[in-house]
Structure formats: structure tokens, C-alpha cells
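See structure below.
Where a number appears in this text, it was derived from the coordinates with a stated rule and is not lab data. Just so it is clear, the model here is predicted, and its values are computed rather than measured. Every residue, glycine as well, gets a Cβ built from its backbone with ideal geometry; the counts of neighbours run over all protein chains shown.
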Amino acid sequence: MRWATVILGLSTIAACSLPRDPEGTTERIAKEHVLRVGVTNNPPWAEARGDTPAGIEPDLVRHFASSIGAKVVWTAGSETSLAQSLKHHELDLAVGGFDAQTPWVSIAGVTQSFIKTPDKKKHVMLTAPGENGFLLKVDRFLIEQRHDPKGIAP
């Protein structure tokens, strides 16, 4: 019985530090105040326009960045280049009308679906893989927006 109590106590302590960011994404963003975001063209969800992308998802990203005290540094590219940059932790987040059925799920983190379109597609954002603390932070933000009457609109 005594060992069970010790094991339960250690398990509780270990669980307090979950979810984690093995690469330190959340901590780096808090320290540097910079959110590195990739964007690919897929109107109306995202349009790469130099330093100021437009669309539903870039607007959401700017709102998220503001909520965590960070500025956004944008990188435009193809889905493939953005997914590779996420895989190598060169980006924190990527937007561009990604569907929940994205083929990039094998090399990137995927947020919860934040909107379902009339054609039944569930839109998501991509994150660097394994950065579960950061992913949870983005998911919580997206859930708040989904429930906000002024939130996400296609």
C-alpha cells in the first residue's frame, strides 16, 4: 500500500509538467516575444502578401499572437516547404486552409478543427511536432474563438 502511495505521488508530480514542449517553443516565444508562422496561399483562408498576409487564418494568428504578447514573423511558402520547416522546428505554426485530413499529420502537429465549412471540411492549423504545450495553447485559443460570437467566420 505504501508503494502505491509513492507511485501515485510521483505520477501526480510528473503529470503536472505535462504537456511539454521538448524544443521549448512556449518558453522561447515568452522570452523572445516572436511567433514564427508560415503561410501558404489558399484564399479566403490565407493569402501570402509579403510581410502582411491576409485572410481568416492570418487574422486569427495575429489575434493569438497578441493574446500571448508576441509579434508575428511571417514566412511564405508551399505546403511542402512549410511542413518541412515545422518538422525542423524552424516555424512554430503554419496556416493556409489546411484540412483535418492533411497529409502532413505524419511530420507536423495538428490543432483541433476550428471551423467546419459547408463542404464538410474541418479546418486546422499545423504546429511543430511534439510541442504539445504550445499545441494546447493554440487549441485553447481556437476553442475560445469558436465560442465567441465575433470569432471565426468563413
Could you tell me the ratio Rg/Rh of the stretch 21-147? Both radii from Cα atoms, Rh via Kirkwood.
0.92
Mind scanning Lys31/Lys116; Lys31/Lys122; Lys71/Lys120; Lys87/Lys121; Lys31/Lys87 and naming the pairs with a C-alpha gap bigger than 31 Å?
Lys31/Lys116; Lys31/Lys122; Lys71/Lys120
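Using only alpha carbon pairs under 8 Å that are at least six residues apart, calculate the relative contact order of the stretch 21-147 and give it in whole percent. Could you put the intermediate results ahead of the total?
Values: 234 pairs, mean separation 33.2, N = 127.
26 percent.
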Charge-dipole axis of the stretch 21-147 as Lys and Arg at +1 and Asp and Glu at -1 on Cβ define it, positive-most pick from Gly50, Gly38, Pro118
Pro118
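With +1 on each Lys and Arg Cβ and -1 on each Asp and Glu Cβ, and nothing else charged, work out how big the dipole of the stretch 21-147 is about its Cα centre, in Debye to the nearest 20. Mind dumping the intermediate values first?
On the way: 14 positive and 16 negative charges, 53 e Å.
About 260 debye.
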